[in-house]
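What follows draws every value from the coordinates through simple rules; no lab data is involved. Given the structure is predicted, the values throughout are model-derived calculations rather than measurements. Please note: Cβ atoms are built from the backbone with ideal geometry, for glycine as well, and neighbour counts cover all protein chains shown.
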Amino acid sequence: MLAGKRILLIVSGGIAAYKSLEIIRRLRERRAQVKAVLTAAAEQFVTPLSVSALSEEKVYSDLFSLTDEAEMGHIQLSRAADLAVVAPASADILAKLRAGLANDLASTLLLATDKPILAAPAMNLRMWEHPATQENLACLKERGLRIVGPNEGNMACGESGFGRMAEPAEILAAIEAHFTEGPLAGHRALVTSGPTHEPIDPVRYIANRSSGKQGHAIAAALRAAGARVTLVSGPTCLADPDGVTAVSVVSAREMLEACQAALPVEIAVFAAAVADWRIAAESGRKLKKTGRPPPPLQLALNPDILASISQQREQRPALIVGFAAETERVVAQAAAKRLRKGCDWILANDVSPAGEVFGGDCNTIHFIADGESEAWPRLDKSAVAERLVARIVKHFCIREIGT
Ligand code: PMT
């Protein structure tokens, strides 16, 4: 499973650094490539020679080493990996990562990498419990940093409690899980899909032509990338994608309630075709043709789910993607809709009948973000979903470390 995987192992200072040798040995046994970086403090605990002997690679430690820069610049070193592992991760390196400091090779690589980061914290109990460390971790986790450990037990300093680095076997298991679970493992996602039905009376309703194919394909693609997905769908004929938590709703108001209940999530994609209006006074009994003129249907505005989740203060998802279904001035209207509704990205599609987007198998998207606008070719809805998810993965991998 790990054969051929490229691991950038950053060893920071702490007595647990000795366990990094065991991590390297186990990774090499599994035929993973390990490029190790030692901080100056780590070199007090393990020697570059032993790390190099076990990894069978050059060991890096100096940001300003001209030889290293000539062979492999620090940016390339940070990118030429599938996963960056920080073990042990000291309180110091976690604080640097949160603050975005880049004053040695290890912190520079963590800031420059576009790959996910797994950290195995190790420190004294009081340092671990300190509000500064806990705040740093909470912020880093929110950015997508994955953590393994620490464990509870006796520590080298003589104290006992949380702060012991996870054992090499546990760190190996977390590395393997990363590769089996996909790049969005550890992230939660909410997707809306399908139409909503707004009842007129117990047998009639207002609806639209959405089949749910686009929304369901996005939920499946997010799941395939490892995210934990809640799919809130209006009535469709589609099966629930494997591995997602499916919540069936009927009306816009039910959809809003289900979306709010699914929070917190880091990713939210609103592909549902939500009815903008409902019947102001739904009849509890079937309306009858009694020879009188047809009953007037008074409409009331439905809640805007996308706008209301985008306006959340406490639990706003880190990335909110809306759709814009337009029939004219598609890009301009979609760009204005993105700003009006407060989402981060919007996927504009022309839903004129000729395009057969509603209910059809294909879609032609215009992707719009802040300062970005990109026309995608006509694609199968699954391919649209995969393209969107690839973009989400890239967004989160960069966001996990940088800002
Ligand atoms: O389901 P399919 O047959 O596969 O078709 C896919 C699709 C055409 C439904 C899909 O690609 C799409 O465009 N979905 C959005 C449809 C829509 O309602 O667009 P809108 O421009 O009216 O709404 C803009 C955004 O606000 C959408 O993200 C929508 O989910 C959201 N919205 C709209 C109204 C409302 N009351 N609440 C909302 O959250």
Apply 1/(1 + (r/R0)^6) to the Cβ-Cβ distance of Ala3 and Ala80, taking R0 = 22 Å, and write down the FRET efficiency to the nearest 0.05.
-> 0.80
Distance violations [Cα-Cα > 23 Å] among Lys5/Lys35; Lys58/Lys96; Lys115/Lys341; Lys213/Lys286; Lys58/Lys115 = Lys58/Lys96; Lys115/Lys341; Lys213/Lys286
Report the extension gain between Thr327 and Val250 in nm, rounded to one decimal, defined as 0.36 nm multiplied by the number of residues separating them, less their alpha carbon distance.
-> 25.2 nm
Compactness of the chain, expressed as Rg and Dmax over alpha-carbon positions, Å | 25.7, 95
Cα-based reach from Lys337 at 20 Å (exclusive), listing aspartates and glutamates while leaving out same-chain residues under 8 positions away | Asp276, Asp304, Glu326, Glu328, Asp350, Asp370, Glu372, Glu374
State, to one decimal in nm, how far the label point of Glu372 lies from the label point of Ser52, with both points 7 Å from Cα in the Cβ direction.
-> 4.1
Looking only at aspartates and glutamates whose Cα falls under 13 Å of Lys141's and that sit 8 or more positions away or on another chain, we get Glu266, Glu400
GNM on the chain, C-alpha springs below 10 Å: top fluctuator among Lys213, Lys115, Lys58?
-> Lys58
Asserting the computed 222 nm helical MRE of the chain (DSSP H runs at least 4 long, -39500 (n - 2.57) per run, divided by residue count, to nearest 500) equals -10000 deg cm²/dmol
Of Gly322, Gly234, Gly100, the most mobile residue in a GNM of the chain (C-alpha springs, cutoff 10 Å) is Gly100
Stretch Arg391-Ala261 to full length: gain in nm at 0.36 nm per residue minus the Cα-Cα span?
-> 44.2 nm
Name the residue, out of Ser90, Ser308, Ser78, whose mean-square fluctuation peaks in a Gaussian network model built on the chain with Cα pairs under 10 Å.
-> Ser308
Percent antiparallel among DSSP beta bridges confined to the range 6-179, rounded to 5, stands at 20
Would you mind checking which residues have amide H under 5 Å from Leu299's amide H? H placed 1.01 Å from N; only 5 or more apart, or other chain.
-> Ala280
Gln311 and Cys139 label points (each 7 Å along its Cα→Cβ direction) are spaced in nm at 2.9
Could you work out how far apart the two model spin labels at Arg204 and Arg31 are, taking each label as a point 7 Å from the Cα in the direction of the beta carbon, and quote it in nm?
-> 6.8
Leaving out same-chain residues fewer than 8 places away, which aspartates and glutamates sit with a Cα under 14 Å from that of Lys288?
-> Asp201
FRET efficiency for Ala185 and Arg285, using Cβ-Cβ distance with R0 set to 56 Å, rounded to 0.05 | 0.65
